[in-house]
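Participant: What follows is a single structure, and I will ask about it in a moment.
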Amino acid sequence: MARLIDQFERLPGIGPRTAQRLALHLLRQPEEQIQSFAEALLAARSQVGQCQTCFHLSAEPTCEICRNPERSTGMICVVADSRDLLALERTREYSGRYHVLGGLISPMDGIGPDMLQITSLVRRVEQEGVQEVILALTPSVEGDTTSLYLARLLKPFTVVSRIAYGLPVGSELEYADDVTLTRALEGRRAVE
């Protein structure tokens with residue numbers, strides 16, 4: 001039981017109490033259901049890889065988004081990882097293609113540009129005649145560093161934009177930090 005709880009605790013966002021609840025829940029399930037769960041984990045690990053074009057998770061050589069002829073080939077939205085791509089897809093507002101970097105530049109963590117999918121991004125932009133690259137990277141030191149680096153590389157080939165940052169819907173101005181308020185002011189637009 002302790003070994004199972006320990007394995008759950010290794011998952012991101014799972015603390016000791018949640019790990020214990022998950023372990024107890026699984027132990028109450030029929031053996032067939034546990035077997036099915038284990039098989040699904042092993043199958044996902046062995047069958048899911050990266051899209052050869054955008055580096056999103058895919059069981060095929062090319063992911064569903066890259067294969068979709070209805071997606072605009074003139075826009076590429078750059079994200080740090082597949083979680084960010086999935087968050088943007090949930091909005092159903094973006095109809096272009098993506099490029100997953102596989103992280104952010106972080107010298108403190110020993111992650112340089114050569115460790116990310118940056119060269120393949122520049123090659124795509126050059127070869128595919130992309131009209132706009134949208135940088136959808138986390139508003140952090142690492143995200144800003146990566147965005148500035150990418151903008152410098154890509155501006156000779158295409159228009160480079162960055163998603164706006166600001167206040168979340170339903171929040172109060174008095175509780176927002178200075179950086180968030182500054183970015184909200186910088187990202188303002190005309191009222192229509």
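Participant: Mind checking which helices (runs of 4 or more DSSP H) fall wholly inside segment 63-146 and carry at least 3 residues that are under 16 Å from the mean Cα position of the chain (by Cα) and in contact (Cβ under 8 Å) with a residue 12 or more places away in the chain?
Facilitator: Result: 82-91.
Participant: Sticking with this structure for a sec: Can we say LEU101 is modelled with pLDDT under 95, crowded, with 16+ Cβ neighbours inside 10 Å and touching a strand residue (DSSP E or B) at 6+ places or on another chain (Cβ under 8 Å)?
Facilitator: Judged against the criteria, LEU101 is not a match.
Participant: Suppose we filter segment 149-192 for residues that are in a helix (DSSP H, G or I), modelled with pLDDT of 85 or more and hydrophobic (A, V, I, L, M, F, W, C); how many remain?
Facilitator: Total satisfying the criteria: 4.
Participant: How many of the residues in segment 1-31 are exposed (fewer than 10 other Cβ atoms within 10 Å of the Cβ) and either among the polar types (S, T, N, Q) or under 29 Å from GLU60 (Cβ atoms) (or both)?
Facilitator: Summing the residues that are exposed (fewer than 10 other Cβ atoms within 10 Å of the Cβ) and either among the polar types (S, T, N, Q) or under 29 Å from GLU60 (Cβ atoms) (or both) in segment 1-31 gives 3.
Participant: Does ASP6 count as part of a helix (DSSP H, G or I) and in the same structural domain as LEU137 (by TED's automatic domain parsing)?
Facilitator: No, not satisfied.
Participant: While we're here: Do you know which residues across segment 55-90 are buried (at least 17 other Cβ atoms within 10 Å of the Cβ), hydrophobic (A, V, I, L, M, F, W, C) and over 23 Å from LEU150 (Cα atoms)?
Facilitator: CYS63
The values are calculated or read from the model by the stated rules, or taken from the named source; none is laboratory data. All values derive from a computational prediction rather than experimental measurement. FYI the Cβ positions are ideal-geometry reconstructions off the backbone, even for glycines, and counts take in every protein chain you see.
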